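Worksheet for the structure shown next.
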Amino acid sequence: MAFESITTGAITFLQVFANWNPVFSLLLISLFLGIISTLCYKYLTNQKLIKETKDDMKRLQEEMKLLKGDPNKMLEKQKELMQKNAPLMKESFKVVFYTIIPFGVIFLLVREAYNPLGKIAFGLTWFWIYFISSLLFSIILRKVLKVH
């Protein structure tokens, strides 16, 4: 009962927000979620490990380009590259673990509020506007906050 009233209130708030200016409100929601996810990624992961691992992987990729003529050595480097990738996956999973449920709930609430509006701008529905803007905000925020 309490959960239902909370979700109904949240959906009503989002519908008012959506009707005010759908594109601008989606951009704000996307920016807000982008800031939260970027900060989670920065502070819940080992940034030093991620940077070192990405640098090692970049070095291995460069070495692989030089080994195009030798499939055995290239396969060896690919195995090494895959081993380097495992710690990155582990670090990324930490963020997913903490954000998937809250972001999933927010996403469902946004869907309920924006679905009735149909195509909002440029022939795009709310999902595509959110998706494109969140990608752009994520790239910008990662650069600004120096997240690896």
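Before anything else, pin down the relative contact order of region 2-144: Cα pairs under 8 Å, at least 6 apart, normalised by residue count, whole percent. Show your work: numbers first, answer last.
Values: 89 pairs, mean separation 62.3, N = 143.
Relative contact order of region 2-144: 44 percent.
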> Add -39500 (n - 2.57) for each DSSP H run of 4 or more in the chain, then divide by its residues: what number comes out at 222 nm, to the nearest 500 deg cm²/dmol?
Replying inline: -30000 deg cm²/dmol
> Once you wrap a convex hull around the alpha carbon atoms of region 7-148, what is its projected area averaged over all directions, in nm²?
Replying inline: 11.0
> Straight-line reach from Lys84: which aspartates and glutamates have Cα under 20 Å away, leaving out those fewer than 8 places along the same chain?
Replying inline: Glu52, Asp55, Asp56, Glu62, Glu63, Glu76
> What is the Cα centroid distance between region 84-102 and region 1-70, reported in whole angstrom?
Replying inline: 12
> Taking a 24 Å limit on the Cα-Cα distance, which of the listed pairs Lys54/Lys146; Lys51/Lys79; Lys77/Lys146; Lys54/Lys79; Lys58/Lys79; Lys48/Lys143 fall beyond it?
Replying inline: Lys77/Lys146
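Every read-out reported here was derived from the displayed coordinates using simple, explicitly stated rules and does not represent laboratory data. Fair warning: this is a prediction, and the values are worked out from it, not measured in the lab.
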